[in-house]
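Presented below is the structure to which this report refers.
Bear in mind these aren't lab numbers, they're just calculated from the coordinates by the rules spelled out. Since this is a predicted model, take the numbers as computed values, not measurements. Neighbour counts run over all protein chains shown; Cβ positions are idealised from the backbone, glycine included.
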Amino acid sequence: MKIGQAWQSFINQRSPREQQAIQWALGFVAVVALWQIAVAPAWQVWRDSQTQLTLLAQQHADMLALQQQASQLQAQTRIGADTSARTLQSLCVGLGDKVKCSRQALRMTVDVKGVSPQALAQVWAQARSQAQAVVLETHLQRRGDLWDGQWVWSLPEAAP
């Protein structure tokens, strides 16, 4: 006997009330399956779409800012290692005797002792923009409200 015939035989042996209950149960199972397979995923995507849109808009704005920053860096006039070293040295002098600078070829080591985080951040930003130096290593330790440590900067190659 085939499955369809067995099912039909099973249903026919039931009372009309049981047949209606089985139909309702199968209808409910079909609706739940349709919900789980077709409606719920789409509903979830629709619910999360505003959050995703906000996140994508923020990422787009970040990418545009990075693009603008890259354009500014590309347009910037390249300086040589000597000019960069002099700029870093003058930044070190601006912090007083708390900072010591030493140069070895295309590297500049900056030792700091007892410097405020604001001063470190300002010198770091100026070294990146004005001296066009790149940090190779950073070893900093916090001592109360001040910082001690060492930066190793890579000076730019000679300007083309």
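Miscellaneous remarks
- The peptide list 121-128, 42-49, put in order of mean Cβ contacts within 10 Å with the highest first, becomes 121-128, 42-49.
- Site pair Arg143 and Ser71 shows an inter-label distance of 4.6 nm when each label is modelled 7 Å from Cα along Cα→Cβ.
- Farthest toward positive dipole pole in the chain [+1 Lys/Arg, -1 Asp/Glu at C-beta], among Leu155, Ile79, Gly27: Gly27
- Relative contact order [Cα under 8 Å, 6+ residues apart], the chain, whole percent: 20 percent
- Length-normalised contact order of the stretch 81-154 in % [C-alpha pairs under 8 Å, at least 6 apart]: 33 percent
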